[in-house]
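Beneath this line is the structure, given in structure tokens, with notes to follow.
The values are calculated or read from the model by the stated rules, or taken from the named source; none is laboratory data. Note that this is a predicted model, so its numbers are computed, not measured. Every residue, glycine as well, gets a Cβ built from its backbone with ideal geometry; the counts of neighbours run over all protein chains shown.
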Amino acid sequence: MKTAAKVWLIVAAALVVAGSVLFVVVMAPGHWDFKGLGEAYFVTTTIDVDADFREILVESDTESVLIQPSPTGSAWVRFLEHDKVIPSAKVTDGRLVITTDDTRKWYERITFSGSGTILVYLPQTGYDRLTVKNSTGSLLIPRDFTFGSIDAELATGSITCNASASGTVRLTTSTGRIMVEKVNAGEMELTASTGRITVNAVRCEGALTVNETTGSAAVRDVVCADFRSKGSTGTIMLEKVIASGTFSVKRSTGSVRLEKCDAAEIEIETNTGSVKGSLLSGKVFTARSDTGRVRVPESDASGGSCRVTTNTGSISITVAGE
């Protein structure tokens, strides 16, 4: 037997032994109750909030967080949790702080029954700040509310935001999608490492930034001061994105698609991928591709600059109406 084959057999045997040990460690505390494997014991806890607050902070582990308008005119938080997760909701210095303390052993977290849920019922429509920090779980912010600022950071989970903010909306997720629709904001920054970013019907007084590492983005019906986007892998679709200032899109691997977009100054760069689409007004065009075909309209001296470069891929830009 070859040495490589022996090594793989030894590795496989070691993995089998490790799996067997893990199985014994998990099952022994439950007296080998196979029926209980994956069965979570959930309880519902409701905490009334009597004190006034203008800010909300949610810090959780594996729970999904849903912000909801209160049907009773008062604030309260409902937790659907494993019986060994201790919930808390209290007001400190004008801030509603919502947390969970998971006291389970590591093997008790191995379950097929899903994770918990935190429902936050708010009586008012406007608050100064919403901050959410979550490890595993999704976040839903409905359009019933407005905030001074929104800051949400998730490790694994999706974010859906329909609420507006007079200041900055900052949404970040490592693994999961981000969806923003019908939102007004001072500025907006959306970041996803792995997952899709979808933006629809957004108005920003300042900059709108859309960054993703591995994933795609679709941005439609946007008016902003500046638009910026960076990404490593994935296609970005831009439809009716209008920036009064600069428009910057940079990609390592992926294509850029434009439909009826415009800005005072436009710069698009991609290493591997094509750039195709239409603008609303003429520009002074500078376009270059190392290996692909380049087609752009004649330059219009009355327009701003439009610089498009790609190493591998074609460039095809038109001006709507021409």
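Within the set G313, G273, G304, the sole residue that is more than 20 Å from T233 (Cβ to Cβ) and modelled with pLDDT under 95 turns out to be G304.
Considering T270, T213, T291, the condition of being β-branched (V, I, T), touching a residue at least 12 places away in the same chain (Cβ under 8 Å) and assigned to a loop (DSSP other than H, G, I, E, B) is satisfied by T291 alone.
Of all the residues in the stretch 218-261, those that are in a strand (DSSP E or B), farther than 19 Å from E187 by Cα and either of a type in the set (S, T, N, Q) or out of contact with any Asp or Glu (no Cβ under 6 Å at 6 or more places or on another chain) (or both) number 12. In this entry, G73 passes the filter for residues that are at positive phi and either at pLDDT below 95 or of a type in the set (S, T, N, Q) (or both).
Select from the stretch 132-145 the residues that are under 13 Å from the mean Cα position of the chain (by Cα) and either outside any strand (DSSP E or B) or in the same structural domain as L80 (by TED's automatic domain parsing) (or both) and write down the one among them that is modelled with the highest pLDDT. Across the stretch 132-145, the extreme among qualifying residues is S138. What about D290, is it of a type in the set (D, E) and within 20 Å of M237 (Cα to Cα)? No: the conditions fail for D290. Restricting the stretch 104-131 to residues that are part of a loop (DSSP other than H, G, I, E, B) and at pLDDT below 75, the residue that is nearest to I56 (Cα to Cα) is S115.
When the residues of the stretch 224-233 are filtered to those that are under 15 Å from the mean Cα position of the chain (by Cα) and buried (at least 18 other Cβ atoms within 10 Å of the Cβ), which remaining residue is nearest to S274 (Cα to Cα)? The extreme case among them is G231. Evaluation of A217 against the conditions (1) surrounded by fewer than 24 Cβ atoms within 10 Å (Cβ to Cβ); (2) under 12 Å from the mean Cα position of the chain (by Cα) shows that the sole unmet condition is (1).
Scanning the stretch 300-322 for residues that are in contact with a Lys or Arg (Cβ under 7 Å, 6 or more places away or on another chain), of a type in the set (G, A, S) and assigned to a loop (DSSP other than H, G, I, E, B), which turns out surrounded by the most Cβ atoms within 10 Å (Cβ to Cβ)? Restricting to residues being in contact with a Lys or Arg (Cβ under 7 Å, 6 or more places away or on another chain), of a type in the set (G, A, S) and assigned to a loop (DSSP other than H, G, I, E, B), the top hit is G303.
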